[in-house]
Amino acid sequence: MSAAIPVVGPQPAPPTTADQPARRIPAGISRNRAIRLVLNRAPDLVCTNARLVHHPYAGYVYAVQQRAFGRSIYGVAHILVDRCSGGTSTSDPWPDPVLIEPCETLDAAPATISKEHAENDARQCAVRTALHRRRAVIPIEVTSVSRDPLLYKPNWLLDLQLPADGGTVKVLVDALTGAYHLVPGGVVQIEPTAAG
């Protein structure tokens, strides 16, 4: 999963409907571990703030069946669609998401890509990936196994103070994998919005 654009301030949990509940993936990496991962590489920095932020995705799992040379080939494709940019990618399976409670707040960017657009793009990504892996145009059946049209992925946003000049940098740590990168230009202010 790609890293999120960090946001400022708690946002109300998005509304849910009976058929399309919003879910979040639980963080697999604690706040302290995220800080240690970065400070192990840059021990002179000081972490002045760490908070959990979320990025909206749509997550789809497809069963893929291809027929070639008289036999069937089966596979499973995990596809994520960034609900802010529309970008698609294949993914390792993600941990089981949990429903977002009505009283829960998230530091999150709003989802601007429609769920219909996300689902169409996910299906196309599954087909392209299957064709690419087999390096041939052969009949493909893609069947939806599960879908999470609004799936919030966790990241840790760290504010780090530089020792020499007292300036600060922001680092985003993936709360599932521990991968991290500098946030260019600081934090982007996002207004609260209802989920789509």
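The values are calculated or read from the model by the stated rules, or taken from the named source; none is laboratory data. Because the structure is a prediction, the values reported are computed rather than measured. Note: ideal-geometry Cβ built from the backbone for every residue, glycine included; neighbour counts use all protein chains shown. Heavy atoms of the whole protein, side chains included, go into the accessibility calculation; ligands, DNA and RNA do not. Shrake-Rupley method; radii C 1.70, N 1.55, O 1.52, S 1.80 Å.
Using θ = phi - 60° and the Karplus form 6.51 cos²θ - 1.76 cosθ + 1.60, what ³J(HN,Hα) does each residue of segment 45-54 get, whole Hz, x for Gly and Pro?
Coupling constants for segment 45-54: 7, 10, 7, 9, 7, 9, 9, 7, 10, 10 Hz.
Checking a compactness column here: for segment 42-187, what do you get for Rg(Cα) / (2.2 N^0.38 Å), N being the number of residues?
1.33
Ranked from the most accessible area to the least, with a 1.4 Å probe and all protein chains present, what is the order of Y60, Y180?
The residues order as Y180, Y60, largest area first.
Using the Karplus curve 6.51 cos²θ - 1.76 cosθ + 1.60 with θ = phi - 60°, what ³J(HN,Hα) values do you get for each residue of segment 67-73, in whole Hz, with x for Gly and Pro?
Along segment 67-73, the couplings run 10, 8, 6, x, 9, 9, 10 Hz.
Round to the nearest 0.05 the FRET efficiency obtained for T143 and E104 when R0 = 30 Å and r is the Cβ-Cβ distance.
For T143 and E104, the calculated efficiency is 0.40.
Using packing as a proxy for protection, rank 121-131, 35-45 so that the peptide with the highest average count of other Cβ atoms within 10 Å comes first.
Packing order, densest peptide first, comes out as 121-131, 35-45.
Probe 1.4 Å, all protein chains in place: accessible area of W94 in Å², nearest 10?
Near enough 40 Å² of accessible area.
Can you work out the Karplus-derived ³J(HN,Hα) for every residue in segment 30-35? Use 6.51 cos²θ - 1.76 cosθ + 1.60 with θ = phi - 60°, whole Hz, and x for glycine or proline.
Result, rounded to whole Hz: 6, 4, 5, 5, 4, 5.
Got a sec? What order do H117, H54 fall in by accessible area at 1.4 Å, biggest, i.e. largest, first?
Heavy-atom accessible area, descending, gives H117, H54.
Amide H to amide H, which residues 5 or more places from G87 or on other chains are under 5 Å from it, using H placed in the peptide plane?
When sequence neighbours closer than 5 places are left aside, the close amide H contacts are D82.
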